[in-house]
Amino acid sequence: MKLKSLAAAACMALTGTAALAQDAPVKVGMITTLSGGGAGLGIDTRDGFLLAAKLAGNDNLDIVVEDDQRKPDIAVQLADKMIQSEKVDVLTGIVWSNLAMAVVPAATAQGKFYLSTNAAPSALAGKGCNPNYFSVSYQNDNLHEAAGAYVRDAGYTKPFILAPNYPAGQDSLTGFKRLYDGDLAGEVYTKLGQTDYAAEIAQIRASGADSIFFFLPGGMGISFLKQYADSGLDLPVVGPAFSFDQGILQAVGDAAMGVKNTSQWNKDIDNAANATFVEEFQKEYGRLPSLYAAQGYDTANLLLSAMAKADVSDADAFRAALKAAEFDSVRGDFSFAANNHPIQDIYVREVIKEGDVFTNKIIGTALEDHSNAYVDECSM
């Protein structure tokens, strides 16, 4: 594997497995968030992807990594440079849905493959689907749908729900309401990047809510949970993994204990691929992997599985090889729906403490072999 970026130091020598059979090189452009707010999510995405590539030992994989700074205009500039100057075959790595919406349609229109390690907005799953666009993570609504199903089945009848006002936040509350079909105590969209939630917490207090569902990824979730814990409110909190994932929990601390959250991955999923991933990630980086790292790892292995079967210059064959998804996912069973989004189980996790480390354990399955609500809108 060849790597060109300021992040090259993140790749240290690992004992690789046998290289996969592929004569033609594939050049990958990874655009992800490596600085500023949300940098931990992009770093984990990058590190998971690079770990899989190193373990495979494939010298025909050439990876260029760049920092989008969580800015759509920067992401577009980087994508243009990678396509026009770097001549990449595949793009990947974007964490945020507003950046994905700025990059993905233009990239696929130019015949490039885009493999999403995270962002998967509904606009790209339905009418905006494209044969060259594959979401390896989920469809944005999915983990929120699972949370809605959990809240419904747990018997809560007046949840207060909130999320940031951007595509993923809108998909979040849409997804939650799709499978929770009861009354709401309140529904609020917050500002993307917001850090002060005093007004929202006051609304929750006055609403008569019996529970809270929120989607606030990265530093937004850290701020909200700490302020909520200090507020004296003691309602059950439910959310998707993004606000309770491994890289965030240490910053949140005791305020997250016992919180239920939904995810398609956790470190205790019992299969050989996941055991190898968790062990090797800790060995390489000295920390437990997050959901973002797991998604990056699976994305690289999907790409490697396609490289083993087809030449990227034969777009039809390479597309079919990606669609086949013949790789060992850390999630276990994995396949693509007709609109190139995963069919997979989604779990309920609980935040626990192992020694001095906050982490999650799976306590149940919210949705089995779950697809997405936009398949029929996709004309592929």
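The values are calculated or read from the model by the stated rules, or taken from the named source; none is laboratory data. Since we're looking at a predicted model, the values are computed, not measured. All Cβ positions, glycine included, derive from the backbone under ideal geometry; neighbour counts span all protein chains shown. These accessible areas exclude ligands, DNA and RNA; they are computed on the full protein's heavy atoms, side chains included. Shrake-Rupley method; radii C 1.70, N 1.55, O 1.52, S 1.80 Å.
Of everything in the stretch 333-362 that is without any contact (Cβ under 8 Å) to a residue 40 or more places away in the chain and among the charged types (D, E, K, R), the residue that is least open to solvent (accessible area, probe 1.4 Å) is Glu354.
The strands (runs of 3 or more DSSP E) falling completely within the stretch 118-199 that include 1 or more residues that are crowded, with 24+ Cβ neighbours inside 10 Å and over 21 Å from the mean Cα position of the chain (by Cα) map to 159-164. Checked against (1) part of a loop (DSSP other than H, G, I, E, B); (2) farther than 19 Å from Val95 by Cα, Asp254 passes all but condition (1).
If I ask for residues that are open to solvent by less than 20 Å² (accessible area, probe 1.4 Å) and part of a helix (DSSP H, G or I), which ones from the stretch 79-91 would you list? Listed by number, the residues that qualify are Ala79, Met82, Ile83. For Asn271, the criteria (1) modelled with pLDDT under 95; (2) touching a strand residue (DSSP E or B) at 6+ places or on another chain (Cβ under 7 Å); (3) over 18 Å from Val95 (Cβ atoms) hold in every case but one, which is (1). Checking each residue in the stretch 363-380 for being open to solvent by 50 Å² or more (accessible area, probe 1.4 Å), farther than 23 Å from Tyr133 by Cβ and either in a loop (DSSP other than H, G, I, E, B) or not polar (S, T, N, Q) (or both) picks out Ile363, Glu368.
Please indicate, with yes or no, whether at least one residue in the stretch 296-318 is closer than 26 Å to Leu51 by Cα, in the same structural domain as Gln110 (by the TED database), open to solvent by 10 Å² or more (accessible area, probe 1.4 Å) and of a type in the set (D, E, K, R). Yes: the stretch 296-318 contains one or more residues that are closer than 26 Å to Leu51 by Cα, in the same structural domain as Gln110 (by the TED database), open to solvent by 10 Å² or more (accessible area, probe 1.4 Å) and of a type in the set (D, E, K, R).
Return yes when Thr92 is modelled with pLDDT of 95 or more, assigned by the TED database to the domain that holds Leu322 and under 28 Å from Asp369 (Cα atoms) and no when it is not. Spelling it out, Thr92 is indeed modelled with pLDDT of 95 or more, assigned by the TED database to the domain that holds Leu322 and under 28 Å from Asp369 (Cα atoms).
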